[in-house]
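Trainee: Structure in structure tokens, see below.
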There are 2 protein chains.
Amino acid sequence: MTHPLDATFAALADPTRRMILSMLLEDDMAVTDVAAPFEMSLAAISKHLHVLAEAGLISQEKRGRVKWCKLEPDALREASVWMQGFGQFEPVNLDAFERFLVMELTSPDTDP
Amino acid sequence: MTHPLDATFAALADPTRRMILSMLLEDDMAVTDVAAPFEMSLAAISKHLHVLAEAGLISQEKRGRVKWCKLEPDALREASVWMQGFGQFEPVNLDAFERFLVMELTSPDTDP
DNA sequence: GCGATCGTCAACCAGATGGTTGAATATGGG
DNA sequence: CCCATATTCAACCATCTGGTTGACGATCGC
């Protein structure tokens, strides 16, 4: 997996990771707090965060015991630009985004 | 893999598949013609096209012996909307898109 | 009808992915 | 110093992925 877009899209292909990104939209979070709402182990979430960090979608900074996770929205720009080339570029619609976020957050993320 | 966005992003995570989409931007193509520029087998390309079709990114219509592949850019809209929520991205820049396409097309897609 | 062309299917393989558990490494608090 | 907290590491496992090859079913041209 050499092209940066490979890593970006692969990272976005997992619902747990997309959920994490949505959570980080609100505010920076510690790893443990990121993991709290999920049913999987902390180690699994740690791996997911590693994937997101490798893709440049988040950054992580350790302060004391706590590793803080921060959204890096710039990493989405290349992917966004790539995708936009394929459609009729309607203006960005944040209301639609809110709807999708709600859909994501209300749909079962782990296993029903 | 249940959420539609899973399939969309997973399909986009492969450079061969992104290349195919770029090719279909130009015009509809038969499976054999899609496969021509790649070094992998026809069966492999057939699988890639299946993945793209499952994700709704292309449609396929068989006319006679030939199966025509058509880009379905609408399928990118949900993914695009989802992504756009993460940043204030500058207005869509088609020149930038061209640059990325060129990068994709000039960078080795199979194995250097 | 026959042979060539178009495309998929099936079986197989190596390697990546997503999860688990248990041990290990810091760091902070009292 | 000791214990609890925060996070990762290592080993392991099942499943998915992306590729191969060879056989197969359709369809076209003649």
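Bear in mind that the values in this text are calculations on the coordinates, not laboratory data. For clarity, every value in this text was computed on a predicted model and none was experimentally measured. Positions of Cβ are backbone-derived with ideal geometry, glycine not excepted, and every protein chain shown enters the neighbour counts.
Trainee: To one decimal in nm, how far is B:T2 from the same spot in the other copies, if labels go 7 Å from Cα toward Cβ? Please give the shortest first.
Mentor: 3.8
Trainee: Further question: Summing +1 for each Lys or Arg and -1 for each Asp or Glu, what net charge is found among the other residues whose Cβ lies under 14 Å from the Cβ of A:E54?
Mentor: With Lys, Arg at +1 and Asp, Glu at -1, the neighbours total -1.
Trainee: Please state the relative contact order of region A:1-56 as a whole percent: Cα pairs under 8 Å, 6+ residues apart?
Mentor: Dividing the mean separation by the residue count of region A:1-56 yields 46 percent.
Trainee: Say a label goes 7 Å from Cα toward Cβ at A:E26 in every copy; what distances in nm does this one have to the rest, shortest first?
Mentor: Distances between equivalent label points, in nm: 4.9.
Trainee: Checking the cross-link filter: which lysines have an alpha carbon closer than 28 Å to that of B:K67, excluding same-chain neighbours under 8 positions apart?
Mentor: Reachable lysines: B:K47.
Trainee: Another question about this same structure. Taking H placed 1.01 Å from N in the peptide plane, check which residues at least 5 places from A:I58 or on another chain put their amide H under 5 Å from its amide H.
Mentor: Amide H to amide H, under 5 Å and 5 or more residues apart or across chains, A:I58 pairs with A:A53, A:E72.
Trainee: For region A:43-66, list residues with backbone N below 18 Å from a point placed 7 Å from the Cα of A:D74 toward its Cβ?
Mentor: Backbone N within reach: A:52-61.
Trainee: Starting from the Cα of B:D6, step 7 Å along the direction of its Cβ; do the same at A:E26; then give the gap between the two resulting points in nm.
Mentor: Result for the modelled spin labels: 2.4 nm.
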